[in-house]
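Comments concern the structure below.
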Amino acid sequence: MKLLPALLLALFAINAAFAQDQKEQKPATLRSVLLEQLKTTHDKNDWFVSPIKSVEGLTPEQVVWTDGKGNHSIGQLTYHMLFWNSQELSKLKGEKPAKFDGNNDETFNNFDAKTWASTVKQLDQVMTDLEKFVESADDATLAKHGSELAHIGTHNAYHTGQIIYIRRLQGSWDPKKGVN
């Protein structure tokens, strides 16, 4: 019977600690959720590897490698993400996006291995600029464009998975980077 009061006291302490943790967490906002999605589909590993981390350390030769079955290379996928993230950022900022004739193949096939380092740098910058847009936008603007911004994250996560798969196929993925 002496054990019961000690057990009840321990349960009370655990419950009080849990309640305190719950009070300290700020409720999620549209801004905080969108920023979290953009950062984890930019350069912060979380539940999955981020795009910038997924392409670290690759050579121009590795980024043009394909499986010979018509699938895209890492360079093509990265260029594609750069293209669409840039298009969306331009629209969000009220600027005229780059000319696009509607042929999505262009968004993959205009990649050149000579510009690999520049492509990665530009992708990093456009993602940083998207995060800054979300940080500074007013609530009405976020509400208006929230779905688009969420889709940017989903699109990046999808193609990052492809990049890691390609790296695994070619033997250039280090599982210590986040995905075994």
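Where a number appears in this text, it was derived from the coordinates with a stated rule and is not lab data. What you see is a predicted model; the values in this text were computed from it and never measured. Reconstructed Cβ throughout: ideal geometry from the backbone, glycine too, with neighbour counts over all protein chains shown.
The table that follows gives values for the structure above.
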read-out: Dipole magnitude (debye, nearest 20) for the chain, charges at Cβ of Lys, Arg, Asp, Glu; value: 440
read-out: Violating pairs (Cα-Cα greater than 19 angstrom) within the set K26/K53; K44/K121; K91/K144; K39/K99; value: K26/K53; K39/K99
read-out: The chain: C-alpha pair distances exceeding 28 Å, %; value: 38
read-out: Rg ratio (alpha-carbon, reference 2.2 N^0.38 Å) - region 44-151; value: 1.16
read-out: Long-range tail of P(r) for region 131-180 (Cα pairs > 13 Å, %); value: 67
read-out: Percent RCO, i.e. relative contact order, over the chain, from Cα pairs under 8 Å lying at least 6 residues apart; value: 33
